[in-house]
Structures are given as C-alpha cells and as structure tokens.
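To keep things clear, I will list the structure first and then write my remarks on it.
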Amino acid sequence: MKKFLILTVAITLFSCNKNAETKTAENSENAKIDSINAVRTKYNDSIRALNDKNRFAELSGSHTLKFSNEEASFSGKATFEKVGRDTYSVKGGAASGKNSLNIEGTVKRISEKHLNFEGKIAQKINGKSYTRDKKTTFANEGKGNFWRLQDKVNGDGFIDYIDINF
C-alpha cells in the first residue's frame, strides 16, 4: 500500500509540474507572437502612411469655378475634399441670374498640369441645359492659374470654357 501511495503522489507531482511548465511555455510563446505582431503593425502603418501621401501638391479646399462662352460669364466655388492619394471628391457650382453650372464627382491628379474628372457637370445657359457625364480631363494650358475642361464643345456645337483655379 505504501508503494501505491508513493507512486500516486509521484504521478500527481509530475503531472502538475508538467502543466506548470506547459503554461509557462505557452505564455512565453504568446508574448513572442504579440511582440512580432506589434512590430508588424507598426511597419504596416508606416507603409500605409507613405502610400497615402500625395505625389503632387495638396488641392483640398475651395477653388474658384468659372464658366464663360459667347453668351455668358460667371463664377462660383468648387470644394475639393481628399479621399485618397492625389484623389479628391469635388462638389460646387456657379450661378448668375438664370444661368447656372454645377459640378459633382471625383478628381484624380495625374500630373502637375492634368486632373482626370469622373462625375457630372450640368449647365443651364439661357434656358438651354447640357450635361457632361463622361470621363474627361481638366488641363493647365499655360494661359493662367487654372485647369480648363478639355471637353469644350457643348450640345449645340459651341465652345464653353469651364475653369477651376488653383
């Protein structure tokens, strides 16, 4: 009986020590994994910050929006809000009497002189409405401090100048 009792106590002690050693090893392993994950998170955050940085000058804020053709000329405001790297949501309008121009969409700056626009430009000039809803470009033609819409011909075949000042 003594042998049985000693054997039972020895088995119990051995199994308890093994569990304690296993838990210590698991805690140590978890601490290593947490440390590695913290370093990876910091590294990924730094990469994300670099990828969000603009390649070109910041355009966020309010810009003058101008419309002109042979019949009318007026101006208003367009607001640029950054949504990504060199990408902005743009919304604004200009009006004078019954004439109006509204712009809403997304602008991606692809160079110092070019803005790609995707959205809707709606105008109502002297009772005639025209909407541009295809992808288009605003370009700095070197004629001043503005980007000019390159889709200049309206629905009647006449030239409209739509400019965004920078």
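No lab work stands behind these numbers, since they all come straight from the coordinates. None of these values were measured; they are calculated from a predicted model. Glycine gets a Cβ as well: all are built from the backbone with ideal geometry, and neighbour counts include every protein chain shown.
I want the local charge near Lys66. Using Cβ-Cβ distances under 13 Å, sum +1 for each Lys or Arg and -1 for each Asp or Glu among the other residues. Walk me through the numbers before you get to the answer.
On the way: positive: Lys77, Lys143, Arg148; negative: Asp160, Asp163.
Taking every other residue near Lys66 into account, the sum is +1.
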Residue-by-residue Karplus 3J(HN,Hα) for region 59-71, coefficients 6.51, -1.76, 1.60, Hz, glycine and proline x: 10, 4, x, 9, 10, 6, 10, 10, 10, 8, 8, 5, 9
Express in nm, to one decimal, how much length is gained between Asn145 and Ala95 on full extension, taking 0.36 nm for each residue of separation and deducting their alpha carbon distance. 15.9 nm
Suppose R0 equals 35 Å. What FRET efficiency, 1/(1 + (r/R0)^6) with r the Cβ-Cβ distance, do Arg48 and Asn154 give to the nearest 0.05? 0.25
Around Ala38 (Cβ within 13 Å, Cβ-to-Cβ, excluding Ala38; K/R +1, D/E -1) the net charge comes to +1
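Taking 0.36 nm per residue of sequence separation and subtracting the Cα-Cα distance, how much length would be gained by fully extending the chain between Ala38 and Val83, in nm to one decimal? Intermediate results must be reported in sequence, preceding the final value.
Working: separation 45, 0.36 × 45 = 16.20 nm, distance 2.75 nm.
So the chain would gain 13.5 nm between Ala38 and Val83.
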Burial ranking of peptide ranges 138-150, 40-52, 113-125 (average Cβ count within 10 Å, highest at the top): 113-125, 138-150, 40-52
Can you list the aspartates and glutamates whose alpha carbon is less than 13 Å from that of Lys143, not counting same-chain residues fewer than 8 positions off? Asp163
For n ≥ 4 DSSP H runs only, could you compute -39500 (n - 2.57) per run for the chain, divide by its residues and tell me the 222 nm figure to the nearest 500? -11500 deg cm²/dmol
